[in-house]
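Chemist: There's a structure below that I have some questions on.
The values are calculated or read from the model by the stated rules, or taken from the named source; none is laboratory data. Bear in mind that the values here come from a model prediction, so they are computed numbers and not experimental data. Note that each Cβ is placed from the backbone with ideal geometry, even for glycine, and that neighbours are counted across all protein chains shown.
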Amino acid sequence: MIRIKSFKNNKIIGELHKNINNLERILDSIPDLIFLINSNGEILDLWTGKVEDLLLPTEEAIGTNISDILDQEQYNLFTDSLENILQNDIADSFQYSLEIKGEKLYYEARMIALNPGDRDENVIISVRDITQAKLNSLKVEKLSQEYETIFSNVDNAIFLMNYTDGEIRFQRLNRFHEESTGLKTDDIKGKTPVEAFGEEMGEELIRKYSRCLEARKTVTYEEVLELPAGSRIWLTKLSPVIINGQIEKIVGTSIDITDRKEQQDKIEYLSYHDKLTDLYNRAYFENEIDRLNDSRRLPITILVADLDNLKYVNDNYGHQAGDEYIKTAADMIQECIRNEDIAARIGGDEFAIILPETGKSGARAVYNRIKRMEQAYIDSENSSDEIVKVFSISVGYGVMTEKEESLEDAFKEADKMMYEHKKINKGEG
């Protein structure tokens, strides 16, 4: 019986040693530093597979108090966690940092009571180096702060959209967007374009946004949007955010180009219009002649008008009066033609009119309207005015009826007729 009992004890001791060896091997393989401390924070024992990472040799570390390792702020975190696990019998953790050889390293300590309920409770602390993860987190946090600063303060309208399950939904607007458009993030967040702006405008926006999704690259376009702050013209750029081959978001930036477009339109308008009369200028007239020479909208009439007596008005009443004289003729001509007709001032006292799909009878009708208005002006209540008395317009017209003909020939024909009428007006005919 004694031998059997001794054998059993030896077997148990053997198993115990085996388990201890296994535990030591497990501890050696774990990258964490394991502390055994008492409830006062004194280190009772430690285990690590990386002895080189210890601040102190094992012999010196044992008996050291945690308060000798951590600064006051971090020690307070430790005592809070310690109190929490001792009172509530739960695991807890806290993070801290140490300055080691001039380098700031970050750690996470996870704590749990070893013998819950004992009067003198001991605690196991598992410490892991989280420096790289922390630095990555700080880098992400910094980038996030930089992004937020740019997003919130850049003077362009920026909007973000999520793309999930085949649907586009608004995520947020930056401050400049809200101020420029009168829209608020809270009003459109989580909504589709149709939900945010109604079917007509929403469907149009979806068509534009879909171009970015289909191209899988940045697209740019101009758009006119009627928003709470009013109707404006925007230059919009959409860029897809592609993660793991899938488009997850669309980043939109819009610049208000209303003033620029208006200025461009004004410049373009002035480049083709006579400043004094607001009629088209010679450059535009010649471009239209070139364009319509190949037109099938025949016949086309060219009407030429020359303002008589302009030199007399300039010499006797000044150039300001001469300008008014020219504008009177221009207004008269404009009133006598259709919207689709093209009236231009092609010289100081010369005007030309293009009448698409107009033959000789139509040309004669316009000619007669101009002459009637001329006579009505002379017979008006200002007829005693010397400038009104001498007002006269000499008019001629030519018609291009066949494709083989040219508008240049029609112009020459009109110019010839105009000079014949001019002779008559001067009493030379």
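Chemist: Any idea which of A410, A344 is farther than 16 Å from P299 by Cα, surrounded by 12 or more Cβ atoms within 10 Å (Cβ to Cβ), of a type in the set (G, A, S) and within 54 Å of the chain's Cα centre (by Cα)?
Modeler: Going through A410, A344 in turn, the sole match is A344.
Chemist: Okay, next question. How many residues does region 76-104 hold that are part of a strand (DSSP E or B), aliphatic (A, V, I, L, M) and touching a Lys or Arg at 6+ places or on another chain (Cβ under 9 Å)?
Modeler: Count: 1.
Chemist: Also, quick follow-up: Would you check which residues across region 354-394 are of a type outside the set (S, T, Y), touching a Ser or Thr at 6+ places or on another chain (Cβ under 8 Å) and either within 30 Å of D294 (Cα to Cα) or at pLDDT 95 or above (or both) and list them?
Modeler: Passing the criteria: I354, L355, P356, G359, K360, G362, A363, V366.
Chemist: Let me ask something else. With a cut-off of at least 2 residues that are under 30 Å from D32 (Cβ atoms) and small (G, A, S), name the helices (runs of 4 or more DSSP H) lying wholly within region 129-209.
Modeler: 131-153
Chemist: Has region 158-167 got at least one residue that is charged (D, E, K, R) and exposed (fewer than 14 other Cβ atoms within 10 Å of the Cβ)?
Modeler: The answer is yes, given that some residue of region 158-167 is charged (D, E, K, R) and exposed (fewer than 14 other Cβ atoms within 10 Å of the Cβ).
Chemist: Specify which of the listed residues (S254, S295, S271, S239) is more than 25 Å from the chain's Cα centre (by Cα) and surrounded by 12 or more Cβ atoms within 10 Å (Cβ to Cβ).
Modeler: S295
Chemist: Sticking with this structure for a sec: (1) under 30 Å from I353 (Cβ atoms); (2) among the small types (G, A, S); (3) touching a helix residue (DSSP H, G or I) at 6+ places or on another chain (Cβ under 6 Å): which one isn't true of S271, the others all being true?
Modeler: Against the list (1) under 30 Å from I353 (Cβ atoms); (2) among the small types (G, A, S); (3) touching a helix residue (DSSP H, G or I) at 6+ places or on another chain (Cβ under 6 Å), S271 comes up short only on (3).
Chemist: Would region 386-401 turn up any residue that is in contact (Cβ under 8 Å) with a residue 24 or more places away in the chain, touching a Phe, Trp or Tyr at 6+ places or on another chain (Cβ under 7 Å), surrounded by fewer than 16 Cβ atoms within 10 Å (Cβ to Cβ) and more than 19 Å from E286 (Cα to Cα)?
Modeler: Yes, region 386-401 contains a residue that is in contact (Cβ under 8 Å) with a residue 24 or more places away in the chain, touching a Phe, Trp or Tyr at 6+ places or on another chain (Cβ under 7 Å), surrounded by fewer than 16 Cβ atoms within 10 Å (Cβ to Cβ) and more than 19 Å from E286 (Cα to Cα).
Chemist: Hey, D155 hits all of (1) under 13 Å from the mean Cα position of the chain (by Cα); (2) surrounded by 12 or more Cβ atoms within 10 Å (Cβ to Cβ) but one; which does it fall short on?
Modeler: The single condition D155 does not satisfy is (2).
Chemist: Now, a different point. Check off (1) acidic (D, E); (2) closer than 27 Å to E178 by Cβ; (3) at pLDDT below 95 for E248 and give me the number that stays unchecked.
Modeler: Result: E248 passes all but (3).
Chemist: Go through region 90-106 and give me each residue that's within 14 Å of E73 (Cα to Cα) and either charged (D, E, K, R) or in contact (Cβ under 8 Å) with a residue 40 or more places away in the chain (or both).
Modeler: Matches in region 90-106: L98 only.
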